[in-house]
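*Asks:* Pasting a structure below so you can have a look.
Any read-out appearing in this document is the output of simple, stated calculations on the displayed coordinates, not a laboratory observation. What you are looking at is a predicted structure, and each value in this text was computed from that prediction instead of being measured. Because the Cβ atoms are built from the backbone with ideal geometry, glycine has one as well, and the counts that use them run over all protein chains shown.
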Amino acid sequence: NGAWGWSIFGVIWGLAALGMLLKLLERTPRPHFFTALYLVMGWVMIAAVNPMLENVATAGLLWLLAGGLFYSFGVIFFVLDHRLKFGHMIWHLFVMAGTTSHYIAVYGYAYAT
């Protein structure tokens with residue numbers, strides 16, 4: 001809602017459009033460019049931390065933060081996939097943990113209210 005909501009919406013969709021365009025044109029600036037882009041998209045919400053603190057229960061914010069941290073730390077295993085035995089599987093475990101955390105945040109603290 002309001003300026004914050006539309007600003008975040010615009011930034012996320014702008015970054016998504018950039019990513020889609022680069023993929024369609026098969027232009028990859030660096031090997032892990034898209035991985036970094038996905039991380040930036042995920043952490044854009046930090047810009048709206050004050051409105052979120054005012055409107056979301058503390059437990060809900062903690063679940064959101066936990067999910068973001070799971071995804072972010074999982075990227076380490078994704079990037080080092082070729083060097084670590086079972087790195088890709090470990091990355092998927094982090095993704096599942098992040099998804100579960102965000103599900104709890106949305107269902108328990110956004111949907112329930």
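*Asks:* Return the sequence-ordered ³J(HN,Hα) values of region 45-52 in whole Hz as given by the Karplus equation 6.51 cos²θ - 1.76 cosθ + 1.60 applied to θ = phi - 60°, using x for Gly and Pro.
*Replies:* 4, 4, 4, 9, 4, 5, x, 5
*Asks:* Taking R0 as 22 Å, what FRET efficiency do you get between VAL11 and ALA110 from their Cβ-Cβ distance, rounded to the nearest 0.05?
*Replies:* Efficiency, from the Cβ-Cβ distance: 0.65.
*Asks:* Order the peptides 34-45, 69-80, 9-20 from the highest to the lowest mean number of other Cβ atoms within 10 Å of their residues.
*Replies:* Top to bottom by mean Cβ count within 10 Å: 69-80, 34-45, 9-20.
*Asks:* Once phi is turned into θ = phi - 60°, what whole-Hz ³J(HN,Hα) does the Karplus curve with 6.51, -1.76 and 1.60 give for every residue of region 4-11, x standing for Gly and Pro?
*Replies:* Those phi angles translate into 4, x, 5, 5, 4, 3, x, 5 Hz.
*Asks:* Which shape class applies to the chain: rounded if a/c is under 1.5, otherwise prolate when a/b exceeds b/c and oblate if not, where a ≥ b ≥ c are the square roots of the Cα gyration tensor eigenvalues? Provide the component values of the computation, followed by the final result.
*Replies:* Values: a/c = 2.71, a/b = 1.28, b/c = 2.11.
Since a/c reaches 1.5 but b/c is at least a/b, the shape of the chain is classed as oblate.
*Asks:* At most 14 other Cβ atoms within 10 Å and a DSSP loop assignment: could you name the chymotrypsin sites (Phe, Trp or Tyr not before Pro) in region 82-112 that fit?
*Replies:* Working: sites: PHE86, TRP91, PHE94, TYR103, TYR107, TYR109, TYR111; in loops: PHE86.
Sites meeting the loop and neighbour criteria: PHE86.
*Asks:* Could you give the radius of gyration (one decimal) and Dmax (whole number) of the Cα atoms in region 1-45, in Å?
*Replies:* 11.9, 37
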